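Student: Input: one structure, supplied below.
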Amino acid sequence: MIPEALQKVIDALGSLPGVGARTAERYGYFLLKSEPTVANRLGESLAQLHEEVAFCPKTFALIDRSQTVSPLYDDPNRDKTTVIVVEEPLDIISLENTHSFNGTYHVLGGAISPLSGITPDELHFGELLDRIADDGVREIIIATNASVEGESTAIFLTNFLREQIGSDLRITRLARGIPIGADLGYTDSMTLTHALTGRQIL
């Protein structure tokens with residue numbers, strides 16, 4: 001009932017995370033009924049994606065192929081002795097939008113997840129050790145997600161760094177707790193537990 005060319009587009013869109021069958025159909029039909037330039041522009045940008053985007057060999061952030069390292073790492077005004085460790089490159093954007101951090105970043109490339117077959121060997125832990133030695137890093141701020149995988153990764157990273165470097169390195173974790181404007185009655189028990197554990201002296 002659907003022409004083969006359109007079905008291929010729907011199937012391709014449906015392979016994206018968070019895009020269900022109905023959403024993929026709507027996207028595909030939208031592209032079909034739009035001006036050809038819309039689909040052409042999308043196709044060209046996808047074709048150039050792998051050719052023009054790379055990973056920084058130092059931080060594993062996203063960079064243009066023309067760049068050798070991440071501009072954030074190359075910036076002389078950035079403090080290379082303080083490093084925030086995140087799971088994915090796009091996590092950097094959220095942290096940068098706060099305008100509250102002047103250090104650099106290190107992207108692990110995911111989180112430890114035995115069920116998904118992601119082991120520590122597949123993440124950039126070894127490269128982080130190299131950076132700590134090369135840049136004289138004094139503090140590692142762990143900013144993995146507040147998920148089971150993120151928590152497991154944070155614990156593994158802490159133990160890994162303690163074993164390899166010892167107590168000379170300061171290791172901290174982003175504070176977690178009750179968001180501004182939240183009602184205690186609607187806050188889950190895990191968030192409340194973290195808020196109690198990480199309470200501050202006023």
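The values are calculated or read from the model by the stated rules, or taken from the named source; none is laboratory data. On a predicted model such as this, the values are computed, not experimentally measured, just so you know. Backbone-built Cβ (ideal geometry, glycine too); neighbour counts: all protein chains shown.
Student: Does GLY126 meet the test of being modelled with pLDDT of 95 or more and either closer than 21 Å to PHE55 by Cβ or surrounded by 13 or more Cβ atoms within 10 Å (Cβ to Cβ) (or both)? Break it down stepwise before answering.
Tutor: On the way: modelled with pLDDT of 95 or more: yes; either closer than 21 Å to PHE55 by Cβ or surrounded by 13 or more Cβ atoms within 10 Å (Cβ to Cβ) (or both): yes.
Yes: the conditions hold for GLY126.
Student: Quick check on this structure: which one of THR172, THR153, THR144 is β-branched (Val, Ile, Thr), touching a residue at least 60 places away in the same chain (Cβ under 8 Å) and assigned by TED's automatic domain parsing to the domain that holds ASP74? Reasoning before the result, please.
Tutor: Values: THR172 fails: touching a residue at least 60 places away in the same chain (Cβ under 8 Å); THR144 fails: touching a residue at least 60 places away in the same chain (Cβ under 8 Å).
Only one candidate passes the filter, namely THR153.
Student: Another one. Are any residues in the stretch 165-196 within 24 Å of THR82 (Cα to Cα) and either among the charged types (D, E, K, R) or loosely packed, with under 12 Cβ neighbours inside 10 Å (or both), and if so, which ones?
Tutor: Within the stretch 165-196, GLY166, SER167, ASP168, ARG170, ARG173, ALA175, ARG176 meet the criteria.
Student: Which of (1) outside the structural domain of ILE141 (by TED's automatic domain parsing); (2) β-branched (Val, Ile, Thr); (3) in a helix (DSSP H, G or I) does ILE92 not meet, given it meets every other one?
Tutor: (1)
Student: Could you please let me know if SER113 is more than 14 Å from the chain's Cα centre (by Cα), farther than 17 Å from ALA175 by Cα and of a type in the set (Ser, Thr, Tyr)? Give the steps one after another, and end with the answer.
Tutor: Numbers: more than 14 Å from the chain's Cα centre (by Cα): yes; farther than 17 Å from ALA175 by Cα: yes; of a type in the set (Ser, Thr, Tyr): yes.
Spelling it out, SER113 is indeed more than 14 Å from the chain's Cα centre (by Cα), farther than 17 Å from ALA175 by Cα and of a type in the set (Ser, Thr, Tyr).
Student: Taking the condition within 22 Å of SER100 (Cα to Cα), buried (at least 16 other Cβ atoms within 10 Å of the Cβ) and at pLDDT 90 or above, does ILE140 pass? Full working, then the answer.
Tutor: Numbers: within 22 Å of SER100 (Cα to Cα): yes; buried (at least 16 other Cβ atoms within 10 Å of the Cβ): yes; at pLDDT 90 or above: yes.
Considered against the rule, which asks whether it is within 22 Å of SER100 (Cα to Cα), buried (at least 16 other Cβ atoms within 10 Å of the Cβ) and at pLDDT 90 or above, ILE140 comes out as yes.
Student: Right, another one. Against the conditions (1) among the aromatic types (Phe, Trp, Tyr); (2) in contact (Cβ under 8 Å) with a residue 24 or more places away in the chain; (3) under 19 Å from ILE132 (Cβ atoms), where does PHE55 fall short? Just the number, please.
Tutor: Single failed check for PHE55: (3).
Student: Another question, then. Against the definition (in the same structural domain as ILE84 (by TED's automatic domain parsing), free of Cβ contacts under 8 Å to residues at least 40 places away in the same chain, touching a Phe, Trp or Tyr at 6+ places or on another chain (Cβ under 9 Å) and not basic (Lys, Arg)), how does LEU129 come out, yes or no? Write out each step before concluding.
Tutor: On the way: in the same structural domain as ILE84 (by TED's automatic domain parsing): yes; free of Cβ contacts under 8 Å to residues at least 40 places away in the same chain: yes; touching a Phe, Trp or Tyr at 6+ places or on another chain (Cβ under 9 Å): yes; not basic (Lys, Arg): yes.
Spelling it out, LEU129 is indeed in the same structural domain as ILE84 (by TED's automatic domain parsing), free of Cβ contacts under 8 Å to residues at least 40 places away in the same chain, touching a Phe, Trp or Tyr at 6+ places or on another chain (Cβ under 9 Å) and not basic (Lys, Arg).
Student: When the stretch 44-85 is examined, which residues are found to be charged (D, E, K, R) and closer than 24 Å to PHE101 by Cα? I'd like the intermediate steps shown before the answer.
Tutor: Here is the first cut: in the stretch 44-85, the residues charged (D, E, K, R) are 44, 51-52, 58, 64-65, 74-75, 78-80.
Across the stretch 44-85, the qualifying residues are LYS58, ASP64, ASP74, ASP75, ARG78, ASP79, LYS80.
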